[in-house]
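Notes follow once the structure below has been shown.
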Amino acid sequence: MLVLAKSISLVCIGVAVAWLIRNLGRLPEPFQSRSCQGVKWHRAFPDAAKKDIRSFLSMFTQAFGFPEKKRLLFEPADTFLGIYRSLYSYKWMPDALELETFASMVKKTYGISLEDVWGDRLTLGKLFSLTQDKVGRG
């Protein structure tokens, strides 16, 4: 019984490692085939500094293991859950703690608890607007 459990664990780890190697540095579809979404960010947040948008998206791409140069392929209307599900389409797939990593970064950088604002429809734009509220008050 113990040998079977170890074998199953090794297979699961092997599948996870193979998946990570295959997808390392790649954005999932539909994000990979997008053009720059900077215009959408500017339209949604005309008063926000470009550096603030880029910094927020850089933090996001870092937490999710995406190349930073692809940060502007995400748009304000993208949901965290949608992005997460595009990476992990099966519930049994182990993840790399991307959301937890991002939550920690957001808390440290902006003082916002992701747990307090979380919802299945939370978008990058909504969270960014909350960061701007914090920056505007500080």
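Residues that are of a type in the set (K, R) and closer than 22 Å to S35 by Cβ do occur in the range 71-94, at least one of them.
Considering only the range 82-98, I want to know if a residue exists there that is open to solvent by 70 Å² or more (accessible area, probe 1.4 Å), in contact with a helix residue (DSSP H, G or I) (Cβ under 6 Å, 6 or more places away or on another chain) and over 23 Å from R26 (Cα atoms). For the range 82-98, residues open to solvent by 70 Å² or more (accessible area, probe 1.4 Å), in contact with a helix residue (DSSP H, G or I) (Cβ under 6 Å, 6 or more places away or on another chain) and over 23 Å from R26 (Cα atoms): absent.
A Cβ distance below 8 Å, combined with a sequence gap of six or more or placement on separate chains, defines the contacts here; from the range 80-93, residues that are modelled with pLDDT under 90 reach residues that are assigned to a helix (DSSP H, G or I) in the pairs Y84/E98; Y84/L99; L87/N23; L87/F64; L87/E98; M93/A16; M93/W19. Looking across the range 81-104, not a single residue is closer than 23 Å to R54 by Cβ and more than 14 Å from the chain's Cα centre (by Cα). Looking across the range 105-114, the residues that are in a helix (DSSP H, G or I) and over 15 Å from the mean Cα position of the chain (by Cα) come down to K108, T109, Y110. Cβ-Cβ contacts under 6 Å between residues 6 or more apart (or on different chains), taken from a first residue in the range 110-130 that is closer than 10 Å to P76 by Cβ to a second residue that is among the aromatic types (F, W, Y), are listed as L124/F74; F128/F56. Close contacts from the range 24-51, counting a first residue that is within 21 Å of A63 (Cβ to Cβ) and a second that is modelled with pLDDT under 95 and polar (S, T, N, Q), with Cβ to Cβ under 6 Å and a gap of 6+ residues or different chains, come to P28/S86; A48/Q132.
The values are calculated or read from the model by the stated rules, or taken from the named source; none is laboratory data. Model, not experiment: these values are computed from the prediction. Counting neighbours? That spans all protein chains shown, and the Cβs are built from the backbone with ideal geometry, glycine included. Surface accessibility is based on the protein's heavy atoms, side chains included, excluding ligands, DNA and RNA. Shrake-Rupley method; radii C 1.70, N 1.55, O 1.52, S 1.80 Å.
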